[in-house]
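> Here you go, one structure.
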Amino acid sequence: MSKSKKKLSKKDFHPNILCFCCNWCSYAGADLAGVSRFQYPPTIRIVRVMCSGRVDPAFILEAFKDGIDGVIVTGCHIGDCHYLKGNEFARDRFERFQEVLKIFNLDKRFRLEWVSASEGKRFAEVITEFTNKIKKLGPLFAT
Amino acid sequence: MEKIGAVLVIGGGIAGIQSSIDLADSGYKIYLAESTTSIGGVMSQLDKTFPTNDCAICILAPKLVETGRHENIDILINSSIEKIEGEPGNFKVDLIQRTLRLDQNKCTGCGLCAQQCPIEAIDFFNEKLSNKAAISVKFPQAVPLVFSIDKDKCIGCGICKGICKAKAIDYELQNKEINLNVGAVVLAIGFDEYDPTPLKQFGYGKYLNVITSIEFERILSASGPHSGLIIRPSDGIIPKKIAFLNCIGSRDRKQGNNYCSSVCCMYTTKEAVIAKEHMNIIDPTIFTMDIRAYGKDFDKYIERAKDEYGIRYIRRRISSIKEIPDSKNLKVYYETGKGKIIEEIFNLVVLSVGMQPNQKAKELAQKLNIQLNEYGFCKTDTFTPVETSRPGIYVCGAFATPKDIPETVIEASAAAGCVNVLLSEARNKLVTKKELPEELDVSDQPPRIGVFICHCGINIGGVVDVPNVVEYVKTLPDVVYAEHNLYTCSADTQTNIKEKIEKNQLNRVIVASCTPRTHEALFQATIREVGLNKYLFEMVNIRDQCSWVHMHEPEKATAKSKDLLRMSVAKASQLIPLQEQEIAVIDKGLIIGGGVSGMSAALNLASQGYDVYLIEKEDSLGGIARNLYRTLENDNIQEYLKNLIKNIENNQLIQVFKNAQINSISGYIGNFSTNVSYGNNNKSADLDHGIIVVATGAKEYQPKEYNFGQDPRIITQTQFEKDLFTTDKVKGLKSIVMVQCVGSRNEDHPYCSRICCSEAIKNALKAKEINPNIEIVILYRDIRTYGFKEKYYNLARDKKVIFVRFDETKPPELKIKNKQVKIIVNNPDLGKIEINPDLIVLSTGLVAPIKENEELAKMLKVPLNEDKFFLEAHVKLRPIDFATDGIYLCGSAHSPKDLRESIAQSNGAAAQAVKILSAEKLVTSGLVAVVIEENCIGCGSCVEVCQFNAIELIEKERTFEDFSMRTMKSHINPALCKGCGTCGAQCPNSTIIIKHFGFEQINAMISALLVQS
């Protein structure tokens, strides 16, 4: 745990969350949240990929290893995938991966969500809600 | 007269967009004239699309962006046509472009003006359900993203002019005249929604809680007036009971229009389903006469709506609505089957309004000198579905007939296909190609990153401390230069970026501004102009992800901007130049199927000078059309077919293989190879070609029902048609019963065959013409005479053809007693009826040739749907393509369709094919996946997930010190790879590199997310 963090009380805990967005739907949803000025907590840092199917569980492990408090992967709704089925493979992969995360008690810090290009508000809501959840859980490396 | 290699497309909805892209991609200069301030049309207003519930803007926005930045498409917004002169191949057109009261070239779309504007105007995009500023953009994803001033509302206060840092606003700007010289014109002006105000009985405009379907569509939309919350206008309460009233302004011979609007049954169902999905407490009821779910997989959608969502369908047309004054609820009356009148109260009523001709249709038709039909839509003919009455002017989409999005897209491509035939000699004459310097080799240089951070007026700079971020970025590793710009996207900044790249020898560039979805290509082009590979670029979105969503937390927004830039710099250090490969193209086409569809596609390609191999499994051309005599509209099919076959056989470029069978197909887009055996002597040929069109058609269902084949008095519609047109047997008959949906819409074939209702009515009318005294009864489940076919349904009823409905669960029964045939039908309203006809005609549907389709699908590696018809790449926007590039689909191989629709789709398929055939070389994307062969274990996981057939396992010999062995290795074809990266994440050995989104690159971003302490 090379990147240690100071011990924080839950109140002033400002979580660091990694967010993967697919180029076609959820990134566009995040854009629409911006255009529509839907406010959400400044906790996420977005990494854009072409498809949620690109997201390798290894990335999530890497993030947790570094001390990132939460990871959210977002993509097109099932059936909307620009690459036809990339999100379905992501879904199947992360369903299995959740079982692995459970072993390390990290499953609650990971989430997979579908957000369409017209769901700017939903994007803001999902991020707000996930942020609150991570806040409740506290920092990943709390001690 | 010289032919001009430019085309004017009028109307920027999905039809105009598709035609423009198809033609611009095949070597023509396109002017796309749009009457409003953004392209996108009605589709951009839709929340979801049937029958897949796809998010409309998710699938449309990439097309908008593609159109907006296509180097050969000029979008002329806010413009209208004044005059046209000339002849096919060479027209002179005058247009007026109405002023936006700002300079389109200067406006960056930053939106500051709209935020500061004190005046509210009506938001027409939201169907007047909300307001917006008097200076505004049509909708957030508008293309081009420019603002305009509502001249009726603007008070000229000057605030926007003062605040606009781009100095774009100019109240005095006048309308502009534009003169164009084009070879052809495509009309794609779409439709208007029917305005139900004159139908006083429904109280639209008087009762607050009576709204139209397009208004409801905006209410459903997540980006609509209530952010997707379904609330009713009178009191903002969620309406638990919603009634949808179909056929408002359609199928109405007294008021409104007497044709069918084709789409309302489906969109109403969609709106009901989505409403239910949004809020489960909503209980939708649809009042309808027939359920016209005649398209591909539509009936399955209706069944799901009933079974899974509990949508209630009541087969009644509501004649009037009454408002209850206190509650503002709405009372409707309808009759039950037993003649009892029921009164039911709803909280909201949605009027499913039909399509009517665009209000500008008449004026435009006069200016262009084209004919309109009896309904005011553009006049076209069955065998030339996208040609107007004036040669050189084509039509597509709802301006020709009311239709849904896939059919609109098909026709848009078909119009492009026909323009191709007219203008092929002028191809590539007016398109521009940028001369670019040779690419610099920076591969062995250490990273030298330059960062350009945008204020976006005050959109970013008003919240994020941009100068502070610049200073911070300068401290990051590998960053050798950083600056901030008022607008990084402006033309002068592009020059500045190029100068800074050269001066500082930058070999990686980062722009921190808005979204890469709209602006990445612009900056990539800029850096390429000074010799940098375009993939040495990264973009950071500090507007949509920082200043706009954390407006009240400037410090945190600034800190987040720094984090995002740090991550981006980490990735930029890892960027490598990517190469786009060039692939040669064999400019010959292979068309599978020698019916009307295949022949039309073949003729289109050959007319442009391409060699075509036409494969027909039988010993003669013509397919299923050989058994048809007349269309519903009384066109002579046999004569058309005779001419078509003659044209094919006389064409030197078309080589026909009859009695042919395909043995194998290999290769990929641009380079296919097919082995075919043909002829009576089973000769064999190897054919090389660049594209494939699948036009294998469908076949008539051979009924097992109703003793078919055992009694000469029980025949199919096709047999009856032959009797009608070649014999006078019908003169001796007194009574005929036709049974619809035989072998369609049942468990074995859970789809509608689309053509049978029209075929039955056609034959009934013909029989009445020959023998006016004959009694004809048509037993049906729904009469699906969509569009203008409704006219013939009305005509048949006027001629006393009797229509009796039955339910799916109680199909008509056949009894033969004492050699007398008797048919018993159970009508939901009238009960049991017995008929003793002389002849029973079974309307049998179309079915896919299962075995043949399965074999061909396997060879082509393309999918079939559940009913074994070929499955297109995307139901809504790619109805002619397969997911595998270079293979196209038309006619009934896609789903049952009539001749007109098949001819349109064939020309559309030809238009798609010509994009490939006309290209000297195909250029692959740099964003692809590559296998590191050494570590590949040949497991095939990647092959399984790839939806584009880009990956195959190849046997390779591996040599070790003392022995060698053969192993399987995965190989990815860059010509087919779309760069989604799914294979990379699926690979158990992590041995697939996803270019630009590689392991090192993404991990570098993750590692840089937290500041190292």
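The values are calculated or read from the model by the stated rules, or taken from the named source; none is laboratory data. What you see is a predicted model, and the numbers here were worked out from it, not measured in a lab. In this analysis, Cβ positions are derived from the backbone assuming ideal geometry, glycine residues included, and neighbour counts consider all displayed protein chains. When the accessible area is computed, the model is the full protein with side chains, heavy atoms only, and any ligands, DNA or RNA have been set aside. Shrake-Rupley method; radii C 1.70, N 1.55, O 1.52, S 1.80 Å.
> Given the whole protein assembly as supplied and a 1.4 Å probe, what does the accessible area of B:Val930 come to in Å², nearest 10?
60
> Per the 1.4 Å probe, what fraction of the accessible area of the range B:449-573, in percent, lies on carbon and sulfur atoms?
That share works out to 52 percent.
> Oh, and also: Which value, in debye to the nearest 20, gives the size of the charge dipole of chain B about its Cα centre, when Lys and Arg are +1 and Asp and Glu are -1 at the Cβ?
About 3020 debye.
> Whose amide H sits under 5 Å from the amide H of B:Leu32, counting only residues 5 or more places off or on another chain, with H placed in the peptide plane?
Hits under the 5 Å cutoff: B:Val9, B:Asp74, B:Ile75, B:Leu76.
> Normalise the Cα radius of gyration of the protein assembly as shown by 2.2 N^0.38 Å (N = residues in it) and let me know the number.
With N residues counted in the protein assembly as shown, Rg over 2.2 N^0.38 Å equals 0.97.
> Okay, moving on. What list of ³J(HN,Hα) values in whole Hz, one per residue of the range B:20-27 in order, does the Karplus curve 6.51 cos²θ - 1.76 cosθ + 1.60 (θ = phi - 60°) give from phi, with Gly and Pro shown as x?
4, 5, 4, 6, 5, 6, 10, x
> Please work out the FRET efficiency for the pair B:Asp326 and A:Ala58, using the Cβ-Cβ distance as r and a Förster radius of 60 Å; give the result to the nearest 0.05.
Result of the calculation: an efficiency of 0.45.
> Okay, next question. Which value in deg cm²/dmol, rounded to the nearest 500, describes the helix-derived mean residue ellipticity at 222 nm for the protein assembly as shown, given -39,500 (n - 2.57) per DSSP H run of n ≥ 4 and division by the residue count?
Per the formula, -8500 deg cm²/dmol.
> Exactly which GluC sites (Glu not before Pro) in the range B:718-794 are in a DSSP loop and have at most 16 other Cβ atoms within 10 Å?
B:Glu747
> Which percent, nearest 5, of DSSP beta bridges in chain B are antiparallel?
Bridges in chain B are about 50 percent antiparallel.
> With everything on Cα atoms, drop me the angle between helix B:405-423 and the longest principal axis of chain B, reported from 0 to 90° to the nearest 10.
Compared with the principal axis, the helix lies near 80 degrees.
> How much of the DSSP bridge set in the range B:760-830 is antiparallel, in percent, rounded to the nearest 5?
55
> With a probe of 1.4 Å, find how much accessible area the range B:752-869 has per residue, and write the answer as a whole number in Å².
Here the residues of the range B:752-869 average 45 Å² of exposed surface.
> Then there is this: At B:Phe124 and B:Ile816, where each label point lies 7 Å from the Cα along Cα→Cβ, what is the point-to-point distance in nanometres?
6.5
> Relative to the longest principal axis of chain B, what angle (0 to 90°, nearest 10) does the C-alpha long axis of helix B:264-278 take?
50
> How many nm is it between the label spots at B:Ile770 and B:Val1011, if each spot is 7 Å from the Cα in line with the beta carbon?
9.0
> Roughly speaking, what is the stretch gain from B:Ile932 to B:Asp711, that is 0.36 nm per residue apart minus the C-alpha to C-alpha distance, in nm to one decimal?
Here the answer is 72.8 nm.
> Among DSSP beta bridges lying fully in the protein assembly as shown, give the percent that are antiparallel, nearest 5.
Given both bridge residues lie in the protein assembly as shown, the antiparallel proportion sits at roughly 45 percent.
> Where the only charges are on Cβ atoms (+1 Lys, Arg; -1 Asp, Glu), what is the dipole of the range B:449-573 about its Cα centre, to the nearest 20 debye?
The calculated dipole for the range B:449-573 is roughly 280 debye.
> What residues have an amide H closer than 5 Å to that of B:Leu864, excluding those fewer than 5 places away on the same chain, when H is modeled at 1.01 Å from N in the peptide plane?
Sorted by chain and number, the residues that satisfy this are B:Leu871.
> For the pair B:Lys153 and B:Gln115, how long in nm is the line joining their label points, each one 7 Å along Cα→Cβ?
Calculated label separation equals 1.9 nm.
> Could you work out the relative contact order of the range B:700-847, using alpha carbon pairs under 8 angstrom and six or more residues apart, expressed as a whole percent?
36
> Loop-only check: which trypsin sites (Lys or Arg not before Pro) in the range B:408-448 are DSSP coil with at most 14 other Cβ within 10 angstrom?
Answer by residue number: B:Lys433, B:Lys434.
> Something else: Just to confirm my numbers, what's the Cα centroid distance between the range B:101-164 and the range B:549-588 in Å?
Going from one Cα centre to the other spans 30 Å.
> In addition: At a Förster distance of 35 Å, what's the computed FRET efficiency of B:Leu795 paired with B:Thr384, Cβ-Cβ distance as r, to 0.05?
0.90
> Still on this structure, I have one more. Non-local amide H neighbours of B:Ser970 (under 5 Å, H modeled in plane, Pro and chain starts lacking H): which ones?
Under 5 Å from the amide H of B:Ser970 lie the amide H atoms of B:Gly938, B:Ile954, each far enough along the sequence or on another chain.
> Separate question: When the Cα centres of the range A:69-115 and the range B:628-701 are compared, how far apart do they sit, in Å?
46
> Hey, can you rank B:407-417, B:991-1001 by average C-beta count inside 10 Å, highest first?
B:407-417, B:991-1001
> Which shape class applies to the range A:11-143: rounded if a/c is under 1.5, otherwise prolate when a/b exceeds b/c and oblate if not, where a ≥ b ≥ c are the square roots of the Cα gyration tensor eigenvalues?
The shape class here is oblate.
> Over the range B:99-173, average the accessible area per residue using a 1.4 Å probe and give it in Å², no decimals.
Counting only protein heavy atoms, the per-residue value for the range B:99-173 is 49 Å².
> On to the next question. Ignoring ligands, DNA and RNA, what percent of the accessible area of the range B:1-122 is carbon or sulfur (1.4 Å)?
44
> Rounded to the nearest 0.05, what FRET efficiency do B:Leu229 and B:Ile341 give with R0 = 25 Å and r taken as the Cβ-Cβ distance? Could you check?
0.10
> Among the GluC sites (Glu not before Pro) within the range B:587-666, which fall in a DSSP loop and have no more than 16 other Cβ atoms within 10 Å of their own Cβ?
Passing both the DSSP loop test and the Cβ count: B:Glu618, B:Glu633.
> Please report the accessible area of A:Trp114 (heavy atoms, 1.4 Å probe, ligands and nucleic acids excluded) in Å², nearest 10.
Accessible area, nearest 10 Å²: 40 Å².
> Let me ask another. Below 8 Å, C-alpha to C-alpha, sequence gap of six or more: please give me the relative contact order for the range B:99-173 in percent.
That works out to 45 percent.
> Right, next: What's the buried accessible area, both sides, between A and B using a 1.4 Å probe, rounded to 100 Å²?
By this definition, chains A and B bury close to 5100 Å².
> Just check the range B:195-310 against the gyration tensor rule for me: Cα atoms, a ≥ b ≥ c as the square roots of the eigenvalues, rounded for a/c under 1.5, and otherwise prolate or oblate depending on whether a/b exceeds b/c.
oblate
> Shape call for the range B:1-113 from the C-alpha gyration tensor, a ≥ b ≥ c root eigenvalues: rounded (a/c under 1.5), prolate (a/b greater than b/c) or oblate?
It comes out oblate by the Cα gyration axes.
> While we're looking at this one, here's another question. Over chain B, what per residue volume does the convex hull of the Cα atoms give, in whole Å³?
202
> Using Cα atoms only, what is the angle between the long axis of helix B:596-607 and the major principal axis of chain B, expressed in degrees (0 to 90) to the nearest 10?
50
> Also, quick follow-up: Over what distance in Å are the Cα centres of the range B:399-417 and the range B:819-892 separated?
Each part's Cα centre sits 22 Å from the other's.
> Whole-Hz ³J(HN,Hα) for each residue in the range B:503-510, computed from phi via Karplus 6.51 cos²θ - 1.76 cosθ + 1.60 with θ = phi - 60°, x for glycine and proline: what do you get?
After applying 6.51 cos²θ - 1.76 cosθ + 1.60, I find 5, 9, 6, 6, 10, 9, 10, 10 Hz.
> Sticking with this structure for a sec: From the phi angles alone, apply the Karplus equation (6.51, -1.76, 1.60; θ = phi - 60°) to the range B:922-934 and give each ³J(HN,Hα) in whole Hz, x where the residue is Gly or Pro.
9, 10, 7, 7, x, 7, 10, 9, 9, 8, 7, 4, 3
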